[in-house]
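In what follows, a single structure is set out as structure tokens and then discussed.
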Amino acid sequence: MKLRNEEIGLFLEISDDLLRTIRESGLLHYPKEFGGILIGNYSTDKKIVNVIDTLLPTSYKSSKFSFERGSEGLKEQLETLFNGAPSLIYVGEWHTHPDAQPLPSGTDIMGLTGIAKHRDVNITSPILLIVGLTPASMELGFYVYFKDKIYRYETY
Amino acid sequence: MATDKNKHLNDVLTSHKVSKEQDLLDKHKRKRDEICDALVEKYGADIYSPFNSGSFAKNTAVNKKFDFDLMAPFKRNAFSTLENMFNDVYDFLLEKYSSSAHVRKQKVSIGIEFFADDKGDIVKIDVVPGRELNQDQYKEDDKLNLYVYSQFGKLQSGSDYIRSNIKAQVQNIKDNADRANLRQKVRLLKVWKLYNNKTPKSFFLELITIKAFDKLEISGGLWDRLKSVIEYIRDNVTTVSLPDPGNSNNEVADSMSDYEKSALSDDMRNMINRIEENSDYIKIYFPLNDKFPVEDTSNNKYDERKVAPSIPPPTRFG
């Protein structure tokens, strides 16, 4: 799947296989929210983020209306991926909205902003995938934090 | 130098994004919620939950001119006639808002246009009253009857009503949205309509765009895809059938007269001829919104503060 935000001229690519994996992980926890982090890399000109994989949290809290991702074990996994070939990095987050639209809540916006500004996060524009999930369907909303604002990607 | 038609159309879409009018959008949302609460308080058990039914629900809105449509679904036994329903809701809204808005009866809705605020912003909400077909049936089928207050295409004022399923209408465009980004074409046709003072209803443009996608292989760049839709309208608007997805007995094509359809076909023909003749014409038919010039994005990129692994903190989402 290829997406872009025309306003800021940035692109995102993600495979259908990874989206299937995310959906299946979300359904295992349905009707509670669930999520994880997104792993990938940037194109040489840094215009495209390629989302390649997800890491699922080993520590989290979730309910029908919230999901709190822990960070237990993440540092070691992310350092290993960074030192691998090809080098993969943290590019953002995903979580589900069971039986709801994939629109960011105030908590989502605060969460993504907090990540973008955190001292241990070196990327300036983390992405956020929200998965509107029912047992029968999946609706996707891809967002990016860019220069203090949140933008939504669209397919093209 | 010739205009890059694809880039220009992308810029048109960008400059007309509703998110650029966030303040105005928020004002609309607040007023909509206020009206929603007022209707529920006034009508209590006689009304189901009001819901968005217009371009915002369908994600086809553009920022040059927008209003919110709020569907107010009533129970069958709440009113003896559809006319009573329409008038009662009008009287209630007039009483509540006459000091802060113009309230008027429209074709099937009651328009509330609030007076400009200190920033000159005007909030417009159309309330569409509808009544379920039989008591408690709405929960099963989502169907509603709307009162036709003034002539609506071939429907006569007062004597006719429209039976439809508004949720199915909204779902229809959502279901078709991923087809070569169909909603982009709908937004562009709305831009054309607004800046060129044309009359087709947005619902008509939505349905005929979906029909074009049904009938044609739509591919290529943005201009090629839009051109395919324009050509389809040019060649078929006078004869096409556009059944309402909420009720196939409603013929949405009848919302335009034969003369209007013929004029629309001519408009489409002229537009394509002019743009193919001279690509600069695309800027006249599809202008940018001057209020929101498009920025140069060539220097934007996914930046990294330093080349090192990022370790995100524990984070809560909702």
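Quick notes
- For the set B:Arg187, B:Arg305, B:Arg163, the ranking by accessible area, highest first and with no ligand, DNA or RNA atoms included, is B:Arg305, B:Arg163, B:Arg187 under a 1.4 Å probe.
- With DNA, RNA and ligands ignored, accessible area of B:Met268 (1.4 Å probe; Å², nearest 10): 0 Å²
- Summary value for the range B:1-131: 24 percent relative contact order, contacts being C-alpha pairs under 8 angstrom separated by 6+ residues.
- Mean Cα-pair separation over length for the range B:5-285, i.e. relative contact order, pairs under 8 Å, 6 or more apart, %: 16 percent
- Top positive-direction residue, dipole computed over the range A:2-155 with Cβ charges, set A:Leu56, A:Gly9, A:Thr155: A:Gly9
- Per residue accessible area in Å² of the range A:2-155, where ligands, DNA and RNA are left out and the probe is 1.4 Å: 44 Å²
- Given a 1.4 Å probe and the protein chains as shown, B:Arg225 ends up with an accessible area of around 30 Å².
- Loop-located chymotrypsin sites (Phe, Trp or Tyr not before Pro) in the range A:55-88, at most 15 other Cβ atoms within 10 Å (DSSP): A:Phe65
- Looking at the range A:2-155, the DSSP beta bridges with both ends there are about 75 percent antiparallel.
- Selected from B:Leu25, B:Gln184, B:Thr297, residue furthest toward positive end of dipole (the protein assembly as shown; charges at beta carbon): B:Thr297
- Set B:Lys58/B:Lys143; B:Lys185/B:Lys291; B:Lys105/B:Lys291; B:Lys143/B:Lys193; B:Lys64/B:Lys139; A:Lys32/B:Lys167 screened for pairs whose C-alpha atoms are more than 28 Å apart: B:Lys105/B:Lys291; B:Lys143/B:Lys193; B:Lys64/B:Lys139
- The protein assembly as shown - share of DSSP beta bridges that are antiparallel (%, nearest 5): 75 percent
- Per-bin percent of Cα-Cα distances, the range B:1-115 [10 Å]: 12, 38, 28, 13, 7, 3, 0
- Potential lengthening between B:Asp303 and B:Asp37 on full extension [0.36 nm per residue; Cα-Cα distance subtracted]: 91.3 nm
- To the nearest 10, the accessible area of B:Asp91 is 90 Å² with a 1.4 Å probe.
- 5 angstrom amide H check on B:Asn247, placed H, neighbours 5+ away: B:Asn165
- Surrounding net charge for B:Leu144, when Lys and Arg each add one and Asp and Glu each subtract one, Cβ distance under 11 Å: +3
- Among A:His95, A:His29, A:His118, residue whose mean-square fluctuation peaks in a GNM of chain A (springs only between Cα atoms under 10 Å): A:His118
- Rounded percent of accessible protein surface that carbon and sulfur make up, the range A:2-155, 1.4 Å probe: 55 percent
- Karplus (6.51, -1.76, 1.60) ³J(HN,Hα), θ = phi - 60°, over the range A:24-35, in Hz, Gly and Pro reported as x: 4, 4, x, 5, 4, 10, 4, x, 8, 6, 8, x
- Bridgeable aspartates and glutamates around B:Lys27 (alpha carbons under 17 Å apart, same-chain partners fewer than 8 residues away excluded): B:Asp37, B:Asp67, B:Asp69, B:Glu113, B:Asp117, B:Asp118, B:Asp121, B:Asp126.
- Along the axis of the charge dipole computed for chain A (Cβ charges of +1 for Lys and Arg, -1 for Asp and Glu, origin at the Cα centre), the listed residues A:Gly36, A:Ser66, A:Met110 are led at the positive end by A:Met110.
- The listed residues B:Ile218, B:Ile35 rank as B:Ile218, B:Ile35 when sorted by accessible area, largest first, using a 1.4 Å probe.
- Surface accessible to a 1.4 Å probe, per residue, for the residues of the range B:62-133, Å²: 43 Å²
- Take every pair of alpha-carbon atoms less than 8 Å apart whose residues are at least six positions apart; their mean separation over the length of chain A yields a relative contact order of 23 percent.
The values are calculated or read from the model by the stated rules, or taken from the named source; none is laboratory data. Just so it is clear, the model here is predicted, and its values are computed rather than measured. Every residue, glycine as well, gets a Cβ built from its backbone with ideal geometry; the counts of neighbours run over all protein chains shown. Side chains included, ligands, DNA and RNA excluded: accessible areas come from the protein's heavy atoms. Shrake-Rupley method; radii C 1.70, N 1.55, O 1.52, S 1.80 Å.
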